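Trainee: Handing you this structure, nothing more for now.
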Amino acid sequence: MLLEVEDLCVNYGHIEAIRNISFSVAEGEITTLIGANGAGKTTTLKTISGLRKVREGKVVFDGTDITHLPPYARVKMGISQSPEGRGCFPGMTVRENLDMGAFVRRDRKSAAYREDIERVFQLFPRLQERFNQSAGTMSGGEQQMLAIGRALMARPRLVLLDEPSMGLAPRLIQQIFSIITEINQQGTTVLLVEQNAAQALRRAHQAHVLETGEIVRSGTGAELSGDESVKAAYLGGDL
Ligand code: ATP
C-alpha cells in the first residue's frame, strides 16, 4: 500500500468532521472517495496533505508515519494536491503557476523537470497554448487543467484530486476524467474525491463512500456502481 489512513479523527473546534476512518490506497491504482456535501471528503484530503491537524489516528505513506509532518515535507516525499476550487494564482501566468507546483524541487534546470513540463503539455495542450496568459483570465476548465498540471509538477507518487469535475461543462468533465485515467496509466497513484459518483466509480479501482464523517461502504468501483444503496443515494438510480 502506498498510503494508509488509520482510525483518523479530525475536528474543526467541537465539530467532528471525520470519525475513525481507515482506508488505504494501493500503489498504481485510482482510489475514490465519494459522498454528499459535508461528508468529510475535503477534510480527508487536507489531512493527508498536512493542512489539517489530526486529533487521533495515523497517516502512513510508503511505510513512514507522516501524521505530524508539515505539508512541504509531504510534497517532497511525493504527495501533491489539486485543491477544491482549483486555487490557481490568478495574477501569475500559466508558466509561473506550474513553477509553483515545482517549488520544493531542486532540479528545475534538469532534463527531469523539462520532461515533467512536457508531460503536462501532452496531457493538456491548452496549457502550452496559454503559457504566458494570466491564470485569472482563463476559463474554469483551463484553470482546472492548470491546477492538476501544477500538482503534477511536484512529480508526485500520489496525487490528491479534490472535485476536479466541479462546475465544468459535460464535455469537459469527460475529458478531465479521461486525463485522470491517463495520469494513472502513466504510473501516478491517484486519490480522487468526487461528487460525480458515476464517473468516479467508473474510473476507480477502489472506492469508499463517506457519510457524515464515516466510511459506510467500500469496494471496487464496479462493486459500488452495482450496489443498490449507492445507486439510490449517489447515482440517481442509473449507471
Ligand atoms: P463538499 O463536497 O461540500 O466540499 P466535503 O465532503 O468535502 O464536502 P468537508 O469540506 O470535508 O466535506 O466538511 C466536513 C465537515 O466539516 C462539514 O460538516 C463542514 O461543515 C465542516 N467544516 C469544513 N471546513 C470547516 C471549517 N473551516 N470550519 C468549521 N467546520 C468546517
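Trainee: Conditions first: (1) open to solvent by 60 Å² or more (accessible area, probe 1.4 Å); (2) in contact (Cβ under 8 Å) with a residue 60 or more places away in the chain; (3) away from the ligand (no atom under 16 Å from the Cβ); (4) not basic (Lys, Arg). Gln185 passes all but one, so which condition is the exception?
Mentor: (2)
Trainee: Evaluate the following for Val54: is it hydrophobic (A, V, I, L, M, F, W, C) and surrounded by fewer than 22 Cβ atoms within 10 Å (Cβ to Cβ)?
Mentor: Values: hydrophobic (A, V, I, L, M, F, W, C): yes; surrounded by fewer than 22 Cβ atoms within 10 Å (Cβ to Cβ): yes.
Yes: the conditions hold for Val54.
Trainee: I'm trying to understand the selection: among the residues of region 104-129, which are under 13 Å from Leu152 (Cβ atoms) and in contact with a Phe, Trp or Tyr (Cβ under 9 Å, 6 or more places away or on another chain)? Break it down into steps so the answer makes sense when it comes.
Mentor: Looking only at region 104-129, we keep the residues that are under 13 Å from Leu152 (Cβ atoms), and these are 105, 112-113, 115-124, 127.
If the condition is that a residue be under 13 Å from Leu152 (Cβ atoms) and in contact with a Phe, Trp or Tyr (Cβ under 9 Å, 6 or more places away or on another chain), then Arg105, Phe121, Leu127 are the ones that fit.
Trainee: Anything in region 60-76 that is of a type outside the set (Gly, Ala, Ser), under 16 Å from Glu27 (Cβ atoms) and either free of Cβ contacts under 8 Å to residues at least 40 places away in the same chain or surrounded by 17 or more Cβ atoms within 10 Å (Cβ to Cβ) (or both)? List them, or say none.
Mentor: Residues of region 60-76 that are of a type outside the set (Gly, Ala, Ser), as a first pass: 60-62, 64-72, 74-76.
From what is left, the residues that are under 16 Å from Glu27 (Cβ atoms) are 60-62, 64, 66.
Passing the criteria: Phe61, Thr64, Ile66.
Trainee: Just give me the residues in region 30-82 being outside any strand (DSSP E or B), under 16 Å from Thr189 (Cα atoms) and within 13 Å of the ligand (Cβ to nearest atom), in sequence order.
Mentor: So the first thing to find is which residues in region 30-82 are outside any strand (DSSP E or B), and the list is 36-55, 62-63, 66-78.
If we keep only those that are under 16 Å from Thr189 (Cα atoms) too, we end up with 45, 48-49, 62-63, 74-78.
Leu45, Ile48, Ser49, listed by residue number.
Trainee: Which pairs have Cβ atoms under 9 Å, sit 6 or more apart or on different chains, and link a residue in region 205-216 that is hydroxyl-bearing (Ser, Thr, Tyr) to one that is within 11 Å of the ligand (Cβ to nearest atom) and not in a strand (DSSP E or B)?
Mentor: Thr212/Ala36; Thr212/Gly38; Thr212/Ala39; Thr212/Gly40
Trainee: Sticking with this structure for a sec: Considering only helices (runs of 4 or more DSSP H) fully contained in region 87-147, which possess at least 3 residues that are open to solvent by 20 Å² or more (accessible area, probe 1.4 Å) and under 25 Å from Met77 (Cβ atoms)? Outline the logic, then answer.
Mentor: Numbers: elements: 94-101, 111-123, 125-129.
Fully inside region 87-147 and qualifying: 94-101, 111-123.
Trainee: I need a count of the residues in region 220-239 that are more than 23 Å from Gly38 (Cβ to Cβ) and not in a helix (DSSP H, G or I).
Mentor: 3
Trainee: To continue, here is another question. From Asp116, Asp99, grab the single residue that is among the acidic types (Asp, Glu) and either assigned by TED's automatic domain parsing to the domain that holds Arg203 or under 30 Å from Met1 (Cβ atoms) (or both). Walk me through how you get there before you give the answer.
Mentor: Numbers: Asp99 fails: either assigned by TED's automatic domain parsing to the domain that holds Arg203 or under 30 Å from Met1 (Cβ atoms) (or both).
Going through Asp116, Asp99 in turn, just one is among the acidic types (Asp, Glu) and either assigned by TED's automatic domain parsing to the domain that holds Arg203 or under 30 Å from Met1 (Cβ atoms) (or both): Asp116.
Trainee: So, one more: What are the residue pairs meeting all of these: first residue in region 27-41, first residue assigned by TED's automatic domain parsing to the domain that holds Leu235, second residue open to solvent by 10 Å² or more (accessible area, probe 1.4 Å) and of a type in the set (Asp, Glu), Cβ atoms under 7 Å, and 6 or more apart or on different chains?
Mentor: Gly35/Glu211; Ala39/Glu211
Trainee: Can you tell which of Glu182, Glu142 is under 24 Å from Leu224 (Cα atoms), among the acidic types (Asp, Glu) and out of contact with any Pro (no Cβ under 8 Å at 6 or more places or on another chain)?
Mentor: Working: Glu142 fails: under 24 Å from Leu224 (Cα atoms).
Result: Glu182 is the single residue among Glu182, Glu142 that is under 24 Å from Leu224 (Cα atoms), among the acidic types (Asp, Glu) and out of contact with any Pro (no Cβ under 8 Å at 6 or more places or on another chain).
Trainee: Report yes if Gln199 is open to solvent by less than 50 Å² (accessible area, probe 1.4 Å) and more than 14 Å from the ligand (Cβ to nearest atom), otherwise no. Show your work before the answer.
Mentor: Details: open to solvent by less than 50 Å² (accessible area, probe 1.4 Å): yes; more than 14 Å from the ligand (Cβ to nearest atom): yes.
Yes.
Trainee: Out of all the residues in region 148-156, is one or more more than 16 Å from the ligand (Cβ to nearest atom), exposed (fewer than 14 other Cβ atoms within 10 Å of the Cβ) and over 27 Å from Thr212 (Cα atoms)?
Mentor: Going through region 148-156, the residues more than 16 Å from the ligand (Cβ to nearest atom) turn out to be 148-156.
Okay, now just the ones that are also exposed (fewer than 14 other Cβ atoms within 10 Å of the Cβ), so none.
Looking for residues that are more than 16 Å from the ligand (Cβ to nearest atom), exposed (fewer than 14 other Cβ atoms within 10 Å of the Cβ) and over 27 Å from Thr212 (Cα atoms), one finds none in region 148-156, hence no.
The values are calculated or read from the model by the stated rules, or taken from the named source; none is laboratory data. In this text the structure is predicted, and so the values were computed from the model without any measurement. Positions of Cβ are backbone-derived with ideal geometry, glycine not excepted, and every protein chain shown enters the neighbour counts. For the accessible areas, the whole protein counts, side chains as well, though only heavy atoms, and no ligand, DNA or RNA atoms are used. Shrake-Rupley method; radii C 1.70, N 1.55, O 1.52, S 1.80 Å.
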